[in-house]
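J.: One structure, pasted below without further comment.
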Amino acid sequence: MSKNKQKRILTGDRPTGKLHLGHYVGSLQNRVKLQHEYDTFLIIADVQALTTNFEKPEKLSENVRQVARDYLAVGIDPEETTILVQSLVPEIAELTVFYSMIVTVNQLQRNPTIKSESAQYGYDEMTYGFLGYPVSQAADITFCKADLVPVGEDQLPHIEQTRRIVRKFNNLYDKVFPEPEALVGDFPRLVGLDGKSKMSKSLDNAIYLNDSEEEVKNKVQDAVTDPARIRIDDPGHPEVCTVFEYHKAFNKDGVKEIEGNCRQGKIGCVACKRKLTGAINNLLAPIREKRVEYINNPSLVDEVLIDGTRKAREVARETLNEVREAMKLNYFPE
Ligand code: ATP
Ligand code: MG
């Protein structure tokens with residue numbers, strides 16, 4: 001750890017598809033900013049992706065690279081941030097097993113995010129892995145003894161679960177881990193284009209960071225607005241409008257004017273959407289440009305992943321040595 005970076009961040013994403021604007025305002029922005037102040041670890045949680053995608057493991061290889069390209073394109077700097085692939089750090093799986101002894105099934109079943117995701121996926125029954133993914137997430141966060149976890153709102157119950165595990169571990173065995181804190185971004189739950197659920201890769205209601213200008217335009221055009229507004233001069237209700245939510249997030253300079261004009265029926269939805277399309281495309285232009293470098297140079301992305309994973313494993317090995325010592329499992333110390 002470099003001298004000026006006393007504290008650690010761990011955060012990450014499931015490689016279930018491309019990253020979207022929800023990730024950007026929910027946590028990517030924070031990660032990019034904080035990587036200079038914190039020793040940052042960014043995990044591509046491929047094992048966790050299997051909890052809902054175990055039938056299609058063949059997609060992971062491309063998705064892992066896709067997420068890595070998205071990270072690099074938005075400004076994650078591999079000199080500042082360690083990017084790692086979860087399944088290639090087996091110490092995380094080991095830690096998950098130890099933690100599973102001190103977590104109750106009832107705690108996991110009460111987790112509101114587990115409940116809502118299981119309803120969203122239409123599960124009649126949950127696999128052991130799905131129910132237990134917050135435990136595996138606790139292992140992700142603690143293998144590097146993270147202090148801070150930048151996440152979206154849906155993750156808060158999981159951070160709370162991690163804190164509970166850490167407290168129990170530290171009390172039972174030895175004080176090995178700090179209690180991590182969650183850091184929620186400016187928009188903890190960006191709504192999806194459907195206007196109902198959170199923007200999510202799996203629900204395909206998202207504007208992706210690698211959407212083309214045309215795709216952004218078409219998606220914004222189809223986005224749900226105020227249903228009570230029929231004629232252009234009807235007064236609008238920005239508080240129920242998805243497009244207005246996006247103006248708040250991506251058109252900070254113009255949002256006040258849009259709100260006033262909408263309420264007075266002075267701007268129609270078509271013009272309002274046109275302004276939003278412009279703002280989003282301005283944000284995405286440099287990201288698109290940077291991504292091209294990595295698409296043209298795929299070995300660069302692989303190198304970042306291999307290097308980061310190797311570094312993370314060294315850290316994980318050290319932590320696991322401490323864990324085994326604390327649990328008196330170090331039968332044959334050197
Ligand atoms: P999936 O649908 O496959 O679960 P996802 O879109 O929910 O994908 P995750 O990889 O599960 O993305 O989440 C990664 C991080 O991004 C988490 O910290 C999560 O809270 C945050 N995040 C995801 N979607 C949003 C959103 N719409 N608004 C704010 N933060 C979000
Ligand atoms: Mg999710």
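Every number in this text was worked out from the coordinates using simple rules, so none of it is lab data. Predicted, not measured: the structure shown is a model, and the values here were computed from it. Counting neighbours? That spans all protein chains shown, and the Cβs are built from the backbone with ideal geometry, glycine included.
J.: Report the far tail of the P(r) of the chain, meaning the percent of Cα-Cα pairs longer than 24 Å.
T.: Working: 32111 of 55611 pairs.
That tail contains 58 percent of the Cα-Cα pairs.
J.: Sticking with this one: Roughly speaking, what % of Cα-Cα pairs in segment 8-52 are separated by over 17 Å, rounded to a whole number?
T.: Numbers: 364 of 990 pairs.
That tail contains 37 percent of the Cα-Cα pairs.
J.: With N denoting the number of residues in segment 127-263, provide Rg(C-alpha) divided by 2.2 N^0.38 Å, to two decimal places.
T.: Values: Rg = 20.4 Å, N = 137, 2.2 N^0.38 = 14.3 Å.
With N residues counted in segment 127-263, Rg over 2.2 N^0.38 Å equals 1.43.
J.: Then there's this: When ranked by the protection proxy of mean other Cβ atoms within 10 Å per residue, highest first, what sequence do the peptides 57-66, 9-18 form?
T.: On the way: 57-66: 15.6, 9-18: 23.1.
In descending order of packing, they fall as 9-18, 57-66.
J.: While we're looking at this one, here's another question. How large is ³J(HN,Hα), in whole Hz, for each residue of segment 166-171 in order, when computed from phi with the Karplus curve 6.51 cos²θ - 1.76 cosθ + 1.60 and θ = phi - 60°, using x for Gly and Pro?
T.: Taking θ as phi minus 60°, the curve returns 4, 4, 5, 4, 4, 5 Hz for segment 166-171.
J.: Under a no-solvent Debye model with one identical scatterer per Cα of segment 13-164, what's log10 I(q)/I(0) at q = 0.15, 0.21 Å⁻¹?
T.: So the normalised log intensities are -0.81, -1.62.
J.: Still on this structure, I have one more. Add +1 for every Lys or Arg and -1 for every Asp or Glu among the other residues with Cβ under 12 Å from the Cβ of Arg164, and state the total. Let's see the in-between values first.
T.: Numbers: positive: Arg110, Arg163, Arg167, Lys168; negative: Glu160, Glu179.
That sum, taken over residues with Cβ under 12 Å, equals +2.
J.: Measuring from centroid to centroid over Cα atoms, what is the spacing of segment 223-253 and segment 122-174 in Å?
T.: Comparing the Cα centres of segment 223-253 and segment 122-174, I get a distance of 37 Å.
J.: Can you work out the FRET efficiency for the pair Asp234 and Glu325, with r the C-beta to C-beta distance and R0 = 51 Å, to the nearest 0.05? Could you put the intermediate results ahead of the total?
T.: Numbers: r = 69 Å, r/R0 = 1.35.
The formula returns an efficiency of 0.15 here.
J.: Kindly provide the helix-only [θ] at 222 nm of the chain, computed as the sum of -39,500 (n - 2.57) over DSSP H runs of four or more divided by all residues, to the nearest 500 deg cm²/dmol?
T.: Values: 14 runs with 171 residues, N = 334.
One gets -16000 deg cm²/dmol as the mean residue ellipticity at 222 nm.
J.: Any of Lys219/Lys248; Lys5/Lys33; Lys115/Lys248; Lys198/Lys248; Lys217/Lys290; Lys18/Lys290 with alpha carbons more than 19 Å apart? Name them for me. Could the numbers behind the result be given before it?
T.: Details: Lys219/Lys248 17 Å; Lys5/Lys33 14 Å; Lys115/Lys248 29 Å; Lys198/Lys248 16 Å; Lys217/Lys290 21 Å; Lys18/Lys290 16 Å.
The answer is Lys115/Lys248; Lys217/Lys290.
J.: If we sort 192-205, 132-145 on the protection proxy, mean other Cβ atoms within 10 Å, highest first, what's the order?
T.: Values: 192-205: 18.1, 132-145: 25.2.
Packing order, densest peptide first, comes out as 132-145, 192-205.
J.: What is the extension gain from Phe332 to Asp204, computed as 0.36 nm multiplied by their sequence separation minus the C-alpha to C-alpha distance, in nm to one decimal? Please list the in-between numbers first.
T.: Values: separation 128, 0.36 × 128 = 46.08 nm, distance 5.11 nm.
Length gained, Phe332 through Asp204: 41.0 nm.
J.: Work out, in µm²/s and without decimals, the Stokes-Einstein translational diffusion coefficient of segment 93-185 at 37 °C, 0.692 mPa s, Rh from Kirkwood over C-alpha pairs. Present the calculation step by step, with values, prior to reporting the outcome.
T.: Numbers: Rh = 13.6 Å.
Reported coefficient: 242 µm²/s.
J.: Highest mean first, how do 118-127, 296-305 rank when packing is the count of other Cβ atoms within 10 Å averaged over residues?
T.: Details: 118-127: 11.6, 296-305: 14.0.
Sorting 118-127, 296-305 by mean packing, highest first, produces 296-305, 118-127.
J.: Each residue of segment 249-256 in order: what ³J(HN,Hα) in whole Hz does its phi give by Karplus 6.51 cos²θ - 1.76 cosθ + 1.60, θ = phi - 60°, with x for Gly and Pro?
T.: 7, 10, 9, 4, 6, x, 5, 4
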